[in-house]
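Beneath this line is the structure, given in structure tokens, with notes to follow.
The values are calculated or read from the model by the stated rules, or taken from the named source; none is laboratory data. Keep in mind the model is a prediction, meaning the values are calculated, not measured. A quick note on method: Cβ atoms are made from the backbone with ideal geometry, for glycine too, and the neighbour counts reach across all protein chains shown. Accessible surface areas use protein heavy atoms only, side chains included; no ligands, DNA or RNA. Shrake-Rupley method; radii C 1.70, N 1.55, O 1.52, S 1.80 Å.
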Amino acid sequence: MDPQITNRNSEAKMLTHAKTLRLHTGNLVNRSRLKKKCPCSPSEELQDCIQDTLSDWLSATKPPSKDFPDTLDCSIPQATDAITPEEREELRVTVKLFLCESVQSSIRDAVEMVCQTLAVSQLDSVIIAPPWPLEGDSQSLAHLQPAWEELEALVRSQQIAAIGTSDLDKDLLEQLYNWAQVKPSSNQVNLASCCVMPPDLTAFAKEFDIQLLTHNDPKELMSAATFQEAVQEGTQDLSIADWRLEWVLRYSIIVKSRGIIKAKGYLVSARKAIP
């Protein structure tokens, strides 16, 4: 039989057997393929990264003929950007974690995975973006509390130094601040929804030393259909299973003294939907 066909069959079996998919794009600052095409949005950037990483990983991986793994760790070794102990003090590692499902263990899994990937014991800051409530519902403190408690535990265990929020208005930020044991150090505001920072939010943040940051991430970073499409494109339609996105983590490694981004990448976790 043609070795190429045999390899494709083994790849298909490996993808069919797998229950979990973990993906690391590597350092996008260094990956020349992204410099050829400038994505218009964070969502398009992520979709391109998933497709290209899966495609590169399958090209570089020789699938086993049997004993297929339950978890596929899709990363390109030369594209990773581990931090050496000597340079750690000079760098700031910041993370934004997009939760696609309300599973609190996802937060710890994501933090442990990025710490392991970058070879660090602590992240300087983590901003959480919980899944948005269903249409018609609004964000509430009760909606935020489980995720925040998990982040607080990671601060206490010294895996995270500071934690922040995303897209909270003044009232909800104040409720969280008053309730939380570990106070939010930052709150991201999407300038697509307000061209100027709301004065009440600015005043509250100033009074309680909360840094207000801007971002351009959509409410839903990636839909289930778009993720499915990216997986199928990246695997050349070998994977037709229904994969469910659990979380997406975007990290940036910044040189403190110069304020420039040394590395940036995505980690993605998905699991196969049970029929």
Worksheet entry | Candidate set from the stretch 146-169 (those that are surrounded by fewer than 16 Cβ atoms within 10 Å (Cβ to Cβ) and of a type in the set (S, T, N, Q)); member that is nearest to Asn216 (Cα to Cα) | Gln158
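With Trp247, Trp179 as the choices, which residue is aromatic (Phe, Trp, Tyr) and open to solvent by 50 Å² or more (accessible area, probe 1.4 Å)?
On the way: Trp247 fails: open to solvent by 50 Å² or more (accessible area, probe 1.4 Å).
Answer to the check: Trp179.
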Discussion item. Taking the conditions exactly as written (at positive phi and among the small types (Gly, Ala, Ser)), does Gly234 satisfy them or not?
Written reply: no
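Being under 19 Å from Ala224 (Cα atoms), out of contact with any helix residue (DSSP H, G or I) (no Cβ under 6 Å at 6 or more places or on another chain), among the basic types (Lys, Arg) and modelled with pLDDT of 75 or more narrows it down to one of Lys13, Lys19, so name that one. Quick ask: steps written out before the conclusion?
Details: Lys13 fails: under 19 Å from Ala224 (Cα atoms).
When all the criteria are applied, what remains is Lys19.
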Item to complete: Residues being surrounded by fewer than 17 Cβ atoms within 10 Å (Cβ to Cβ) and not hydrophobic (A, V, I, L, M, F, W, C): count how many of those fall in the stretch 253-270.
Response: 4
Discussion item. Of everything in the stretch 124-144, what is within 22 Å of Asp109 (Cα to Cα) and either of a type in the set (Asp, Glu) or touching a helix residue (DSSP H, G or I) at 6+ places or on another chain (Cβ under 7 Å) (or both)? Give them in sequence order.
Written reply: Asp124, Val126, Ile128, Pro130, Leu144
Worksheet item: Do we find a residue being touching a helix residue (DSSP H, G or I) at 6+ places or on another chain (Cβ under 8 Å) and at pLDDT below 90 anywhere in the stretch 195-207?
Response: yes
